[in-house]
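Okay, structure first, notes after.
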Amino acid sequence: RPSRITARVRPGQGRVLDIEREVELGGPLHSKGVLILSSFLAARYATGEALSLSASLVFEQSYSGVDGDSASCAELYALLSALADAPIRQSLAVTGSVNQFGEVQAIGGVNEKIEGFFDICRARGLSGNQGVLIPAANVQHLMLRADVRDAVAAGQFHVYAVRSVDEGIELLTGLPAGVADAEGVYPDGSINGLVSDRLAEYARIRAALAHGGEGNGNGNGDT
């Protein structure tokens, strides 16, 4: 069944807090996925300085254990949304694992996950905007029910195969991901540019506080 994931961000010392793990509802594979996406953030956006970020991730209203890394892409998208202050389309569901290079990796149960979200969308009314993002590596595993295939053929539901976090965040926000130039600077208005700017702002706030100044910042995102 679909779960809602939310993220909160603020200046800090580079820690991404996995609330599921803190309350002992998150298993080791889920915690590993959070550590991997934290490594991706640091490697992409904090190449010349320490990552000045404090963030928290949680599965809202989950009352049982969470394990596996199938939600690590969704968690990363929530963090990017919060940092860029760019809303995510709530008509799209996400499944997929992410590695340290931002590549989307295959997961298990892809058919059941697509069909589960489709059933909820159909019960609420198909709008033509709903769909699921899956890893491109899982396309070969698709064996969807006839009603799902018919809805996709009619344009009432969509299945998007993505290879990278950049592809996914463009679909979810409608903004370009942005490619860094030779100096490592991302285009203005791109997701990567907005995230990079926010983290640079956090670094300035942290430096000011370290020298007795004042500063604050916050953000949030969900998917």
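The values are calculated or read from the model by the stated rules, or taken from the named source; none is laboratory data. Values in this document were obtained by computation on a predicted structure and should not be read as measured data. With ideal geometry, Cβ positions are generated from the backbone for all residues, glycine too; neighbour counts draw on all protein chains shown.
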Can we say Gln140 is under 30 Å from Val179 (Cα atoms) and in contact with a helix residue (DSSP H, G or I) (Cβ under 8 Å, 6 or more places away or on another chain)? no
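Listed here are the residues, each with its yes/no results for (1) free of Cβ contacts under 8 Å to residues at least 60 places away in the same chain; (2) farther than 27 Å from Leu175 by Cα.
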| position | (1), (2) |
| --- | --- |
| Ser62 | yes, yes |
| Leu76 | no, no |
| Val110 | yes, no |
| Phe117 | no, no |
| Ala123 | yes, yes |
| Leu126 | yes, no |
| Arg145 | yes, yes |
Can you say whether Ala93 is surrounded by 16 or more Cβ atoms within 10 Å (Cβ to Cβ) and within 23 Å of Arg44 (Cα to Cα), as far as the supplied structure shows? no
Conditions (1) buried (at least 19 other Cβ atoms within 10 Å of the Cβ); (2) of a type in the set (A, V, I, L, M); (3) at pLDDT 95 or above; number of the one not met by Leu199: (3)
Going through Gly174, Gly102, Gly128 one at a time, which residue ends up being in contact with a strand residue (DSSP E or B) (Cβ under 6 Å, 6 or more places away or on another chain), at positive phi and not charged (D, E, K, R)? Gly102
Being part of a helix (DSSP H, G or I) and over 15 Å from the mean Cα position of the chain (by Cα) is the filter here, so list the residues in the range 174-193 that pass it. Gly193
Filter the range 136-173 down to residues that are under 15 Å from the mean Cα position of the chain (by Cα) and basic (Lys, Arg), then give me how many there are. 1
